[in-house]
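**Student:** Below is the structure I would like to discuss, written out as C-alpha cells.
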Amino acid sequence: MIHVLTLTYLAPRETVLAHMAEHKAWLREHADQGRILLSGPRPEGGAVVVTADLDDLQVRDLVESDPWHKLGIASYDRLAFEGRNASPGVITAAEPDDGVLLINVATTEDAAASVESLASAVDHVAATADGFRGSRLLTSVDGDAIVNFAAWTDQEKFDAIFSDPEFTRRYQEFAATTTGAKFRLYRTSRVITPNR
C-alpha cells in the first residue's frame, strides 16, 4: 500500500527548525532507499510524506525512526491506498523488483510526425499488453530527437509485444519517420535525492 503521512507540528516553530537537519537527513536516507517517494511542507503548516509500496509494519517502523517523532515534535496521520497507476518513471516498489524501464531514443527530421506515429504504437500497447505500466514521450529541445520512457513489470512481458503483429506494424511505421532509433531496457541501480 502507498501511504500518505500528514505531519502536524506539536512543538513551537523554533523547535521544529532546531531539529530540521536531522529530519531532512532521515527523509533523504529513506528516499534514497526507495521508501519515501515525495515529501514537503504544507502551506498551512505541517508536512506530508508519501511512501512507496510498504506494509503496515514497515510504515510504523519508518515513522518511529523519524527524529521528529522520537522527540515529540510531530504527530502522524496516515491514509493508505493501493497504488495501481503511476506516471512512467515513478517506481513505487521500495525494494528492487523485476520491473524494467525502456528508454527508446530516435533521431528525426520531423519530431511531431515521429511522436504521433510512436504514440499510435504505445496507445496500442496501453490497450492490449500485460505488464505495461505507462509511457512518457519526450521531444528534444532542438526538435531533432524523441525519447520514449516506458515502464514494464518485467522483461518477459515487454518482449511479448514483439509477437503482436499490430504493434509490429505500428512500430515499423514509427521507424519510417526516424533517421535512426535504438532502445535499451534498464533497472534501477541506485537512487540519489537532492541533499538540501
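The values are calculated or read from the model by the stated rules, or taken from the named source; none is laboratory data. Please read these numbers as outputs of a predicted model, since none were measured by experiment. When we count neighbours, we look across all protein chains shown, and the Cβ atoms used for this are built from the backbone with ideal geometry, even at glycine. We work out accessible area using only protein heavy atoms, side chains counted, and drop any ligands, DNA or RNA first. Shrake-Rupley method; radii C 1.70, N 1.55, O 1.52, S 1.80 Å.
**Student:** Can you tell me how many residues in the range 46-57 are under 20 Å from the mean Cα position of the chain (by Cα), open to solvent by less than 10 Å² (accessible area, probe 1.4 Å) and either closer than 19 Å to VAL16 by Cβ or of a type in the set (Ser, Thr, Tyr) (or both)?
**Tutor:** The total comes to 2.
**Student:** Can I ask one more? Quickly run through the range 95-139 and pick out the residues that are touching a strand residue (DSSP E or B) at 6+ places or on another chain (Cβ under 6 Å) and farther than 17 Å from PHE174 by Cβ.
**Tutor:** Once the filter is applied, which keeps residues that are touching a strand residue (DSSP E or B) at 6+ places or on another chain (Cβ under 6 Å) and farther than 17 Å from PHE174 by Cβ, the range 95-139 yields VAL100, LEU101, GLY131, ARG133, GLY134.
**Student:** Give the residue, chosen from ARG78, ARG60, that is assigned to a strand (DSSP E or B) and either touching a Lys or Arg at 6+ places or on another chain (Cβ under 7 Å) or among the charged types (D, E, K, R) (or both).
**Tutor:** ARG78
**Student:** Still on this model: When the range 142-177 is examined, which residues are found to be of a type in the set (Asp, Glu) and either under 12 Å from VAL100 (Cβ atoms) or in a helix (DSSP H, G or I) (or both)?
**Tutor:** ASP154, GLU156, ASP159, GLU166, GLU173, listed by residue number.
**Student:** Of the numbered conditions (1) at pLDDT 95 or above; (2) surrounded by 13 or more Cβ atoms within 10 Å (Cβ to Cβ), GLY89 satisfies every one except a single condition; which is it?
**Tutor:** (1)
**Student:** How many of the residues in the range 58-94 are under 22 Å from THR193 (Cβ atoms) and within 13 Å of the chain's Cα centre (by Cα)?
**Tutor:** Selection size over the range 58-94: 10.
**Student:** While we're looking at this one, here's another question. For the structure I just gave you, tell me whether LEU5 is in a helix (DSSP H, G or I) and within 24 Å of VAL191 (Cα to Cα).
**Tutor:** no
**Student:** Another one. Of the conditions (1) part of a strand (DSSP E or B); (2) touching a residue at least 24 places away in the same chain (Cβ under 8 Å), SER114 satisfies every one except a single condition; which number is it?
**Tutor:** Exception for SER114: condition (1).
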